[in-house]
Amino acid sequence: MKRVLVVDDDPDVLEVFQEVLETEHYKVYPLLSPRYIFKTIKDFRPDLIILDIMLNGMDGRAVFKELRLNPETAGIPIIMASARYDENYIASQKYHPDDYLEKPFNITDLLRKVGALMEN
C-alpha cells in the first residue's frame, strides 16, 4: 500500500485529504505541523508528501526547501498545496515541487496528481 504524508494546519482539510486518499487505498499520515516532519518521514517512510504552503507559524516553502536539500528526503515527490498562491507563483520559485494543488481542490485532480506521481 502506497503511503502519503499530508501536512496541513487545518484539521478539516487534513480529514478531507485522508478520507479521499484512503478511499483509493492509500495509507495516509495526517500531520498538523511540520515541526516533526523529518521524524515522521523516517518512521512512516512516505512515497509522496502533500505540503501546504501556509502553515500555522511556519512557511511550507521553507519546509519544502529543507526537504529538497536533505539527501534522505530529496527524492520524495512533493505536491505543494495553497489557497493563497497560484501555480504561476510556485513556478517562479527557485525550488519546484513535483506538482501543485490549488485549494479548494477538485478531488479528481487530487487523485490524478497523486496517481501520476505514485507511478514514477
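Just so you know, all these numbers are worked out from the coordinates, no wet-lab data involved. Not measured: the values here are computed from a predicted model. Neighbour counts are summed over all protein chains in view; Cβ atoms, including those assigned to glycine, are modelled from backbone coordinates with ideal geometry.
Placing dummy labels 7 Å off each Cα toward the beta-carbon, the span from Ile107 to Arg84 is 2.8 nm. Between Glu19 and Glu119, the simple spin-label model (points 7 angstrom out along Cα→Cβ) gives 2.8 nm. Phe38 sits among other residues whose Cβ lies under 15 Å from its own Cβ, and their net charge, with Lys and Arg +1 and Asp and Glu -1, is +3.
Here the 3J(HN,Hα) profile of segment 73-78, calculated from phi with Karplus coefficients 6.51, -1.76 and 1.60 at θ = phi - 60°, is 10, 4, x, 7, x, 10 Hz, Gly and Pro shown as x. Taking every DSSP helix (H) stretch of at least 4 residues in the chain, weighting each as -39,500 (n - 2.57) and dividing the sum by the residue count yields a mean residue ellipticity at 222 nm of -12000 deg cm²/dmol.
For the chain, the percent of C-alpha pairs falling in each 5 Å distance bin, counted from 0 to the bin holding the largest distance, reads 2, 11, 25, 27, 22, 10, 2.
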